[in-house]
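> This is the structure I want to talk about, given as structure tokens.
The values are calculated or read from the model by the stated rules, or taken from the named source; none is laboratory data. Because the structure is predicted, anything quoted here is derived from the model rather than measured. Positions of Cβ are generated from backbone atoms using ideal geometry, with glycine treated the same way; all protein chains shown enter the neighbour counts. Accessible surface areas use protein heavy atoms only, side chains included; no ligands, DNA or RNA. Shrake-Rupley method; radii C 1.70, N 1.55, O 1.52, S 1.80 Å.
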Amino acid sequence: MKSLPPWQRLQENSRQLAEIKPECKGEVHPLAVVNGVLSLGEGSVVKAGTVIEGRVRIGRNCTIGPNAYLRGDVTVGDGCVLGNAVEVKSSVLGNGVFVSHLSYIGDSVIEDDVNVGGGCIFSNFRHDAGEIRMPWDGKLQATGCCKLGCYVGEHSRIGCKCVILPGRVLPAGTRTYPGTVYDGS
């Protein structure tokens, strides 16, 4: 699936999650809310105040919350942290992804070993509601999506309070400065 463009990976993720069954090999705090289908891997913990809506698969040894919000079709790899006040909507996160606090990840694909600083926004909607185009395979491509976030390559580090504009590609090993708006240039 990694060879697919991000917008197609998100579509494939939705197709795969349409077939998941509820499974809990980890721990869900009694003050967490699951309104949908959750598949939770061994050693993973969903903390108090977390809300899960939709179809969500969380790998092994993850920490979710407190007060996180996962909605839509979300896949989270192994060894991830989605901390306090983190919202993830319809996204695919690889292994070892850390989004520790106060961030929004919308309709995005994040590869392995990525750290997202506090207060980041991975925007998924153009202010003019137009189709989001994304550079892929050496050219700017139509995606057919009016909601599409970004693609973040492995081993990237996103500084605190960064905004990543819709349809942007951050290559493997990208480092952003705190407080920047990443427009791909």
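> How much net charge surrounds Cys62 when only the other residues with a Cβ under 15 Å from the Cβ of Cys62 are counted, with Lys and Arg +1 and Asp and Glu -1?
With Lys, Arg at +1 and Asp, Glu at -1, the neighbours total -2.
> Taking just the C-alpha trace of the chain, give me its Rg and Dmax in Å.
15.3, 48
> Could I ask something else about it? Taking the Cβ-Cβ separation of Arg15 and Asp183 as r and a Förster radius of 22 Å, what is the calculated FRET efficiency to the nearest 0.05? It would help to have the intermediate numbers written out before the result.
Values: r = 31 Å, r/R0 = 1.41.
Plugging the Cβ-Cβ distance into 1/(1 + (r/R0)^6) gives 0.10.
> May I ask you to rank Asp73, Asp112, Asp128, Asp137 by accessible area, largest first, using a 1.4 Å probe over the protein chains only?
On the way: Asp73 25, Asp112 45, Asp128 85, Asp137 130 Å².
The ordering from most to least exposed comes out as Asp137, Asp128, Asp112, Asp73.
> Angle between the Cα long axis of helix 6-17 and the longest principal axis of the chain, 0 to 90 degrees, nearest 10?
So the inclination is approximately 20 degrees.
> To continue, here is another question. Taking θ as phi - 60°, what are the ³J(HN,Hα) couplings along segment 26-43 by the Karplus curve (6.51, -1.76, 1.60), each to the nearest whole Hz, with x for Gly and Pro?
x, 10, 10, 4, x, 9, 8, 10, 10, 10, x, 10, 10, 10, 10, x, 4, x
> Another question about this same structure. Return the long-range amide H neighbours of Val51 (sequence gap of 5 or more, or a different chain), with a cut-off of under 5 Å between placed amide H atoms.
Val33, Ala68, Tyr69, Leu70
> Under the Kirkwood approximation for Rh and a Cα-based Rg, what ratio Rg/Rh is obtained for segment 98-185?
On the way: Rg = 12.2 Å, Rh = 12.8 Å.
Reported Rg/Rh (Cα atoms, Kirkwood Rh): 0.95.
> From largest to smallest, what semi-axes in whole angstrom does segment 121-161 give when each is the square root of 5 times an eigenvalue of its alpha carbon gyration tensor?
For segment 121-161, the semi-axes come out at 21, 16, 7 Å.
> Another question, if that's okay. What list of ³J(HN,Hα) values in whole Hz, one per residue of segment 117-129 in order, does the Karplus curve 6.51 cos²θ - 1.76 cosθ + 1.60 (θ = phi - 60°) give from phi, with Gly and Pro shown as x?
x, x, x, 8, 10, 9, 5, 10, 8, 6, 5, 9, 6
> Another question about this same structure. Which whole-Hz couplings ³J(HN,Hα) result when phi for each residue of segment 94-104 is put into the Karplus expression 6.51 cos²θ - 1.76 cosθ + 1.60, θ = phi - 60°, listed in order with x for Gly and Pro?
Couplings: x, 7, x, 8, 10, 10, 6, 6, 6, 10, 10 Hz.
> Beyond 17 Å, how much of the Cα-Cα pair distribution for segment 29-105 remains, as a whole percent?
More than 17 Å apart: 30 percent of the Cα pairs in segment 29-105.
> Suppose every Lys and Arg Cβ carries +1 and every Asp and Glu Cβ carries -1, with no other charges. What dipole size does the chain come out with about its Cα centre, to the nearest 20 debye? The partial results should precede the final answer.
Numbers: 19 positive and 18 negative charges, 37 e Å.
That gives the chain a dipole magnitude of about 180 debye.
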